[in-house]
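One structure below.
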Amino acid sequence: MHLSKREAPIETIRTRAYTIPTDKPEADGTFAWNSTTLVIVEIVAAGKTGIGYTYSDASVAKFIEATLGSLLIGEDAWNIDALWLRLQQRVRNIGRSGFAATAISAIDCALWDAKARLLDMPLARLLGIVRARVPLYGSGGFTTYTDDDMRDQLAHWVHENGCRWVKIKIGSEPSRDPDRVRVAREVIGRDAGLFVDANGALDRKQALHYAALFAEHDVMWFEEPVSSDDIAGLASIRNALPAHMELAAGEYGYTLDDFRALLANQAIDVLQADVTRCGGITGFLRVAALCDAFHVPLSAHCAPAMHLHVACAAPRLRHQEWFHDHVRIEQMLFDGAPRAIDGAIAPDLSRPGCGLDFKHADAQRFAA
Ligand SMILES: [Mg+2]
């Protein structure tokens, strides 16, 4: 066989943004929203179409169209690391984090999906399967919810989806939170672990004050008690938390150095990473290797359908966030979106790539 015949030149890149209204107003400790924007990237190489996406801003689609896409046309789709580096170099002067990182993440996911489809195999098998099923924690409990909204949602995750853990948002009005945490614990009983996420809303003293109150209801995970920009603050809170309460952060990690800083400063007990922000499958695998080197567990943030295959392959992965907003969108707009069974999701190994097919016609009404 001639090696040259195995090349897979990238022929086309298509990208579109869709803005999907939430089913109810949603808010956490530092942000409120009524819609979520999904940016889809499709890459065609040697006749196969790979799909990737990010939850970002509609302008990311334009940026990919105008700036990043042309770097890839005609290049060999097998060489993902080389293409990834070229994209990183292209955004050096505008900043690799944030906006640019979400664009590159969506492209990278599409390249990995294309690679697996070119080989006609599921992505998890291409990456190497460490676990056949990925445990989920239910995530939502928005601060805009009434107590009854929250009760219904938590009961659904624990009693219908079988989730072993659930997470609620806190920090919009901190004085309300001990009571919200009490309500959450009443609903789930002793059947599930309880997580809280402040999205960086508190200061250091507040965080420790509320951690002590949450401990009375056996909260076992305190996510971003203070801003993740305050790495020293995270580290000092982590050291002062009750022994059974873990500190988690990492969802705003865009470059490998962001994750290294959290790990090297011993700022977290569990590292979070988001494949739609941290450089796609390529970035996520590198974060997973860092976690291995630091002996720290990894938890996948949001976008469960996009994480599923890489989550099967990451050695220290503990669980996947089953985020209400994204679960709803992915089940609406993708054929092959995973379903929660006994508190876990599993890839359908009869489907190639990430196993996702975007429902273009259904999505059209949300086109941004
Ligand atoms: Mg969070």
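What follows draws every value from the coordinates through simple rules; no lab data is involved. Because the structure is predicted, anything quoted here is derived from the model rather than measured. Backbone-built Cβ (ideal geometry, glycine too); neighbour counts: all protein chains shown.
Using 1/(1 + (r/R0)^6) with R0 = 30 angstrom and r between the beta carbons of residue 155 and residue 357, what's the FRET efficiency to the nearest 0.05?
E between residue 155 and residue 357, to the nearest 0.05, is 0.40.
Between the helical axis of 280-294 and the dominant principal axis of the chain, each derived from Cα atoms, what acute angle in degrees is found, rounded to the nearest 10?
In the chain, helix 280-294 runs at an angle near 50 degrees to the longest axis.
Given the peptides 29-35, 171-177, 208-214, 196-202, arrange them by the average over their residues of other C-beta atoms within 10 Å, most packed first. Let's see the in-between values first.
Numbers: 29-35: 14.3, 171-177: 16.3, 208-214: 18.0, 196-202: 24.4.
Packing order, densest peptide first, comes out as 196-202, 208-214, 171-177, 29-35.
Considering all projection directions equally, how large on average is the shadow of the alpha-carbon convex hull of the chain, in square nanometres?
Result: a mean projected hull area of 17.5 nm².
Going by average Cβ density within 10 Å per residue, which order do the peptides 327-339, 119-131 take, highest to lowest?
Final packing ranking: 327-339, 119-131.
So between residue 239 and residue 11, what do we pick up on full extension, going 0.36 nm a residue minus the alpha carbon distance?
So the extension gain works out to 76.9 nm.
If the limit is 31 Å between Cα atoms, which of 62/115; 24/62; 62/167; 167/205; 24/359 go over it? Intermediate values should be presented prior to the final figure.
On the way: 62/115 24 Å; 24/62 29 Å; 62/167 34 Å; 167/205 22 Å; 24/359 23 Å.
The answer is 62/167.
Taking the simple approach of a point 7 Å from Cα along Cα-to-Cβ for both residue 133 and residue 266, what is their distance in nm?
3.7
Be a star and scan the range 328-358 for residues whose amide nitrogen sits under 19 Å from the point 7 Å along the Cα-to-Cβ vector of residue 23.
Those under the cut-off are 328-345.
Rule-of-thumb check for the range 15-103: C-alpha Rg over 2.2 N^0.38 Å? If you can, show how the numbers build up before the last one.
Working: Rg = 15.1 Å, N = 89, 2.2 N^0.38 = 12.1 Å.
Cα Rg divided by the expected 2.2 N^0.38 Å: 1.25.
Where does helix 99-118 land angle-wise versus the long Cα axis of the chain, in degrees 0 to 90, nearest 10?
60
What is the dipole size for the chain, taken about its Cα centre, with +1 at each Lys and Arg Cβ and -1 at each Asp and Glu Cβ, in debye to the nearest 20?
920
Based on Cα coordinates alone, diagonalise the gyration tensor for the range 220-368, multiply each eigenvalue by 5, take square roots, and list the semi-axes in whole Å, largest first.
Sorted largest first and rounded, they come to 30, 16, 15 Å.
Mind jotting down the distance between the C-alpha centroids of the range 270-317 and the range 81-138, whole Å?
11
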